[in-house]
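Read through the structure below, which is laid out as structure tokens, and then see the notes.
The values are calculated or read from the model by the stated rules, or taken from the named source; none is laboratory data. Note that the coordinates shown come from a computational prediction; the quantities given were computed from them, not determined experimentally. Positions of Cβ are generated from backbone atoms using ideal geometry, with glycine treated the same way; all protein chains shown enter the neighbour counts. Side chains included, ligands, DNA and RNA excluded: accessible areas come from the protein's heavy atoms. Shrake-Rupley method; radii C 1.70, N 1.55, O 1.52, S 1.80 Å.
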Amino acid sequence: VIDSTKIASLRAAFQGRLITAPEEQAPFLFDWRKRWKGRALAVVQPDTAQDVASILRWCNATHTPIVPQGGNTGLVGASTPDPSGTAIVLSLARLNRVRSVDAINNTLVAEAGCILAQVQQTAAAHSRLFPLSLAAEGSCTIGGNLSTNAGGVQVLRYGNARELCLGLEVVTAQGELWDGLRGLRKDNTGYDLKHLFIGAEGTLGVITAASLKLFAQPAAQMTSLAALRSPTHALGLLTLAQKHLGPALTAFELMSRNCIELVLRHIPAAQDPFSAQHPHYVLLEASDAEGQDHAQARFEAMMHEALEAGLIDDAVVASSLQQSAHLWALRENITEAQAKEGKNIKHDISVPISAIDRFVEQTNATLEQRFPGIRMVVFGHLGDGNLHYNVSPAPGVDPEQFMQQEPEVNAVVYEAVARFSGSISAEHGIGLLKRDTNAALKSPVELALMQTIKRALDPLGLMNPGRVLPTAESLR
Ligand SMILES: Cc1cc2nc3c(=O)[nH]c(=O)nc-3n(C[C@H](O)[C@H](O)[C@H](O)COP(=O)(O)OP(=O)(O)OC[C@H]3O[C@@H](n4cnc5c(N)ncnc54)[C@H](O)[C@@H]3O)c2cc1C
């Protein structure tokens, strides 16, 4: 039932784009994995930060919950509303201007709804690099990237979204506009408030624009896919690559054979560059400041030593941008291919890099013993100690039945994460998916501090309620 009085009141407060027709609202109401589906009072699409402030003031006056949404590619159920139909979805899609580029200061100011790929292209047009890079970059937004503190494939060299942000413009939960768009590398003037909003998953305020760090573009890049026997061999290769390449090593991605098989099965253009099958693969990329010959010589020396040392069994090195794109397609299509394959259980864990092989070996063994035939779809940012430790049902097992075992599968994985002093969410966030597990695992002191911050910045509890932190109702 549409609350027409409330919608008329919202329309009086905000004259911009307001979506109420169910068929037009539909794409905003379920998440990328189609795991959570909700309802909304309305979807609002402001054009300016001032519009966002008006909407939030109206929400305060009417006690209406707000679910900020960027590209809706999040994987933890944080960007879609609950089924009550009482919240508005605040889509930032139309706040999509790059406001300025300062090539000398190496900064760019982008509005929250800018698509990540658009920001990368704008930086490139000024001969600069914006290094945040992830498979969803064609649809995720800067606001979403910062709100989830996104990682991606170049964290190893450039850091995650938090480290790429110098300043923010934010509309507070009460509807005030804070201009914190400083482009400074040094600024010790009290609490660094931007860090509260980064990674907050829309629970503390709405990011409307960000000042982002740019870097020099690399003069040359080398991409290679190495085939190897185990994550232990991958760790050996990582150490060797860092010794040879130092900070020039920009990506180091591990994939188990099951990942490659899923991509080959579901992504039509994908090709296995090797004639034999291998248990594991590492996609490495190096960015060189000095040029192609220098890059190639260093890279080949490193790969030669890796072969000699028995760390890798085979390798292909891309000799063109097109070949590099083909290798990357194997890595970047895993999430998509796994979604096409059907329901699966996802984990986004991190452990100290040195423990990652033991984590995989021990956790695989426990899961394979408890859930015979379970398929380990393990891939991710090995260079950051972060794996997407996903599992798919054994062939022939009913996916719905498999999903019912999620709590038991999670218990095995999270026990192992705790044993290795790791994290249950390295880069995707908490959202709804891991809210209760996170609350159970955090120390009471840490949880209470988080709740104090939430109450201070969002006293009415309107910002993305029930995401990240449990609510009074969810605890009942
Ligand atoms: C194929 C695929 C690959 C992926 N690979 C990676 C990866 O390698 N690394 C990684 O970190 N993530 C990855 N992700 C997850 C996802 O893309 C990121 O979390 C991304 O940063 C989300 O951006 P978005 O604009 O889609 O945000 P949304 O999904 O719309 O929102 C995510 C969260 O941010 C909040 N939010 C959005 N915009 C704002 C705003 N302006 N102000 C306040 N809160 C806001 C939402 O309320 C929600 O809590 C992947 C996802 C897919 C589908």
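Modelled spin labels at residue 102 and residue 11, positioned 7 Å past Cα toward Cβ, are 4.3 nm from each other. Sort the stretch 92-212 into rounded, prolate or oblate with this rule: let a ≥ b ≥ c be the square roots of the eigenvalues of the Cα gyration tensor; rounded if a/c is under 1.5, and if a/c is not under 1.5, prolate when a/b is larger than b/c, oblate otherwise. Rounded is the answer for the stretch 92-212, as its axis ratio a/c remains below 1.5. Label reach from residue 275 (point 7 Å along Cα→C-beta): in the stretch 315-340, amide nitrogens under 17 Å belong to 315-317. Amide hydrogen proximity for residue 425: with H placed 1.01 Å from N in the peptide plane, the residues at 5 or more positions away or on another chain lying under 5 Å are 350. Within the accessible area of the stretch 358-467, the carbon and sulfur atoms contribute 56%, probe 1.4 Å, all protein chains present. Restricted to Cα atoms, the chain shows a radius of gyration and a Dmax of 22.8, 74 angstrom.
The accessible surface of the stretch 268-334, taken with every protein chain in place and a 1.4 Å probe, is 50 percent carbon and sulfur.
Within the stretch 223-288, the trypsin sites (Lys or Arg not before Pro) that combine a DSSP coil assignment with at most 14 other C-beta atoms in a 10 angstrom radius are 229. Cα convex hull, the stretch 222-332: 91 Å³ per residue, rounded to a whole number.
Quick one: length gained pulling residue 230 to residue 62 fully straight, 0.36 nm per residue minus the C-alpha distance?
Values: separation 168, 0.36 × 168 = 60.48 nm, distance 5.67 nm.
Length gained, residue 230 through residue 62: 54.8 nm.
Please work out whether the stretch 106-177 counts as rounded, prolate or oblate from its C-alpha gyration tensor, where a ≥ b ≥ c are the square roots of the eigenvalues and a/c under 1.5 means rounded, while otherwise a/b larger than b/c means prolate and anything else oblate? Prolate, since a/c reaches 1.5 and a/b exceeds b/c. Could you state the angle between the C-alpha long axis of helix 292-308 and the longest principal axis of the C-alpha atoms of the chain, as a value from 0 to 90 degrees rounded to the nearest 10? Result, in degrees: 60. Using only alpha-carbon positions in the stretch 154-250, the gyration tensor eigenvalues give semi-axes of 37, 16, 12 Å once each is multiplied by 5 and square-rooted (largest first). The trypsin sites (Lys or Arg not before Pro) found in the stretch 1-62 that occupy coil by DSSP, while having at most 10 further C-beta atoms within 10 Å, are 34. If the segment from residue 442 to residue 215 were pulled out straight at 0.36 nm per residue, it would be longer than the present Cα-Cα gap by 78.1 nm.
Sort the stretch 398-454 into rounded, prolate or oblate with this rule: let a ≥ b ≥ c be the square roots of the eigenvalues of the Cα gyration tensor; rounded if a/c is under 1.5, and if a/c is not under 1.5, prolate when a/b is larger than b/c, oblate otherwise.
prolate
How large is log10 of I(q)/I(0) for the stretch 378-476 at q = 0.17, 0.18 Å⁻¹ when the intensity is taken from the Debye formula with one equal scatterer per alpha-carbon? The calculated log intensity ratios at q = 0.17, 0.18 Å⁻¹ are -0.94, -1.01.
Computed over the stretch 304-355, the alpha-carbon pair-distance distribution with 10 angstrom bins reads 18, 25, 40, 16, 0, each value a whole percent. Full extension of the segment from residue 397 to residue 243, taken as 0.36 nm per residue of separation minus the current Cα-Cα distance, would add 50.9 nm. Using the empirical formula 2.2 N^0.38 Å as the baseline, the Cα radius of gyration of the stretch 250-391 reaches a ratio of 1.11. Across the alpha-carbon atoms of the stretch 436-476, the computed radius of gyration and Dmax are 10.0, 26 angstrom.
Kirkwood radius for the stretch 2-145, taken over all pairs of different Cα atoms as the inverse mean of 1/r, rounds to 16.1 Å.
Residues in the chain average 43 Å² of solvent-accessible surface per residue, probe 1.4 Å, ligands and nucleic acids excluded. Listed by chain and number, the aspartates and glutamates whose alpha-carbon sits under 17 Å from that of residue 194, ignoring those within fewer than 8 places in the same chain, are 111, 163, 169, 176, 179, 458.
When the label point is put 7 Å from the Cα of residue 353 along its Cα-to-beta-carbon vector, which residues of the stretch 160-182 have a backbone N closer than 16 Å? The answer is 160, whose backbone nitrogens lie closer than 16 Å to the label point.
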